[in-house]
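The values are calculated or read from the model by the stated rules, or taken from the named source; none is laboratory data. Computed from a predicted structure; not experimentally measured. All Cβ positions, even for glycine, are placed from backbone atoms using ideal geometry, and neighbour counts span all protein chains on display.
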């Protein structure tokens, strides 16, 4: 969706060097009706030819300066501490980024009457009764999940206009940074490496450009509140991996099924999870692509044979 308006919308993307941030930046750079400012913790932008400021969202005065100087209509927060296992030991850092940093964004979003669009996660749920609607009761079982729920609550309490987007298992063709799940599976199996994949984690993996389109529609229709934005298909991580292997003609025998508990990870994972998209589908026409469609797009964009 192309945003069209007589007056340009001013959009600040926080966390623009992350996987989602990169795709948001590339999308809105093409839009003549948007004045764009990007910010991330790194010294330089990974995406060229964009107005960029270095920003540590923990630093309240730095957040104030960027927001009050640029005066955005919308603040897109794609910045977060996302290492679920390290969060169990790096609790102070995780809390500072995911909660205190978000409090700073919400405060100055409220100060200038901007709309804060914040990315949250299915990890706010315990994974016992998924897939979840926006109205289901959160019950995080990891420290990371607790910080993400706390960030949602701090936004609600701030008084700012907000949209909270809950998503899960993001994948897609970001050019820079670590490989997403699809690229990791492709690279591993292409190099004849065995991979252990869990059979008991159920999600609806979300194609990153579907999420970008959803954010664009939220901005266009000025939607506020909480929305689930997930993929079309609900399936296990193991079945998702087999679909990737089948599509790229890779060796499925290298995929070893395993239970989550056998991985002995520091953080608990919600197992029976996933997100129901009905609210977004009904209110602004969210229509995610099938996994096969997204793999075709990734194949073309990343040059995978």
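Being outside any helix (DSSP H, G or I), at pLDDT 95 or above and surrounded by 16 or more Cβ atoms within 10 Å (Cβ to Cβ), is that true of even one residue in the stretch 21-28? Lay out the reasoning, then the answer.
Pass one, the stretch 21-28, residues outside any helix (DSSP H, G or I): none.
No - not one qualifying residue is present in the stretch 21-28.
Within the stretch 177-223, take every residue that is outside any helix (DSSP H, G or I) and out of contact with any strand residue (DSSP E or B) (no Cβ under 9 Å at 6 or more places or on another chain) and give me the one that is farthest from residue 17 (Cα to Cα). Even if it seems obvious, please write down each step before you answer.
Applying the first criterion (outside any helix (DSSP H, G or I)) to the stretch 177-223 yields 177-180, 191-207, 221-223.
Those left that are additionally out of contact with any strand residue (DSSP E or B) (no Cβ under 9 Å at 6 or more places or on another chain): 177-179, 191-193, 221.
Values: 177: 8, 178: 11, 179: 14, 191: 28, 192: 31, 193: 29, 221: 26 Å.
Looking at residues that are outside any helix (DSSP H, G or I) and out of contact with any strand residue (DSSP E or B) (no Cβ under 9 Å at 6 or more places or on another chain), I get 192.
Taking the criterion of being more than 15 Å from residue 167 (Cβ to Cβ) and within 19 Å of the chain's Cα centre (by Cα), the only residue of the stretch 259-270 that qualifies is 269. For the stretch 236-266, a residue qualifies if it is free of Cβ contacts under 8 Å to residues at least 40 places away in the same chain and not in a helix (DSSP H, G or I), and the qualifying residues are 236, 249, 264. Condition check for residue 279 on (1) more than 23 Å from residue 148 (Cα to Cα); (2) buried (at least 18 other Cβ atoms within 10 Å of the Cβ): one failure, at (1).
Are any of the residues in the stretch 201-209 over 16 Å from the mean Cα position of the chain (by Cα) and over 26 Å from residue 29 (Cα atoms)? Give the derivation first.
Let us first name the residues in the stretch 201-209 that are over 16 Å from the mean Cα position of the chain (by Cα), namely 201-202.
In the following step, the residues that additionally are over 26 Å from residue 29 (Cα atoms) were identified as 201-202.
Yes, because at least one residue in the stretch 201-209 is over 16 Å from the mean Cα position of the chain (by Cα) and over 26 Å from residue 29 (Cα atoms).
For (1) surrounded by 22 or more Cβ atoms within 10 Å (Cβ to Cβ); (2) modelled with pLDDT of 95 or more; (3) touching a strand residue (DSSP E or B) at 6+ places or on another chain (Cβ under 7 Å), each residue gets a yes or a no:
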site: 4; (1), (2), (3): no, no, no
site: 10; (1), (2), (3): no, yes, yes
site: 35; (1), (2), (3): no, yes, yes
site: 70; (1), (2), (3): no, yes, yes
site: 87; (1), (2), (3): yes, yes, no
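Among residues belonging to the stretch 43-64 that are in contact with a strand residue (DSSP E or B) (Cβ under 9 Å, 6 or more places away or on another chain) and part of a helix (DSSP H, G or I), point out the one that is surrounded by the most Cβ atoms within 10 Å (Cβ to Cβ). Talk me through it step by step, then tell me what you get.
Step one: filter the stretch 43-64 for residues in contact with a strand residue (DSSP E or B) (Cβ under 9 Å, 6 or more places away or on another chain), giving 43-47, 50-55, 57, 62-63.
Within this subset, residues satisfying the condition of being part of a helix (DSSP H, G or I) are 62-63.
On the way: 62: 16, 63: 24.
Selected residue: 63.
Could you tell me whether any residue of the stretch 152-161 is in contact with a strand residue (DSSP E or B) (Cβ under 6 Å, 6 or more places away or on another chain) and over 24 Å from residue 223 (Cβ atoms)? Please lay out each step first, then the result.
So in the stretch 152-161, the residues in contact with a strand residue (DSSP E or B) (Cβ under 6 Å, 6 or more places away or on another chain) come out as 152, 155, 160-161.
Retained after the next criterion (residues that are over 24 Å from residue 223 (Cβ atoms)): none.
For the stretch 152-161, residues in contact with a strand residue (DSSP E or B) (Cβ under 6 Å, 6 or more places away or on another chain) and over 24 Å from residue 223 (Cβ atoms): absent.
Check the stretch 99-115 and report whether any residue there is part of a loop (DSSP other than H, G, I, E, B), at negative phi and surrounded by fewer than 17 Cβ atoms within 10 Å (Cβ to Cβ). Among the residues of the stretch 99-115, at least one is part of a loop (DSSP other than H, G, I, E, B), at negative phi and surrounded by fewer than 17 Cβ atoms within 10 Å (Cβ to Cβ), which makes the answer yes. Summed over the stretch 144-176, residues that are touching a residue at least 24 places away in the same chain (Cβ under 8 Å), over 18 Å from the mean Cα position of the chain (by Cα) and assigned to a helix (DSSP H, G or I) total 2.
Whether any residue in the stretch 167-176 is closer than 21 Å to residue 21 by Cβ, modelled with pLDDT under 95 and surrounded by fewer than 22 Cβ atoms within 10 Å (Cβ to Cβ) is what I want to check. For the stretch 167-176, residues closer than 21 Å to residue 21 by Cβ, modelled with pLDDT under 95 and surrounded by fewer than 22 Cβ atoms within 10 Å (Cβ to Cβ): present. Taking the numbered list (1) surrounded by 19 or more Cβ atoms within 10 Å (Cβ to Cβ); (2) at pLDDT below 95 in turn, residue 179 passes all entries but (1).
Go through 27, 52 for me and flag whichever is farther than 20 Å from residue 110 by Cα and touching a residue at least 60 places away in the same chain (Cβ under 8 Å). Let's see the steps before the verdict.
Values: 52 fails: touching a residue at least 60 places away in the same chain (Cβ under 8 Å).
Just one listed residue meets the conditions, 27.
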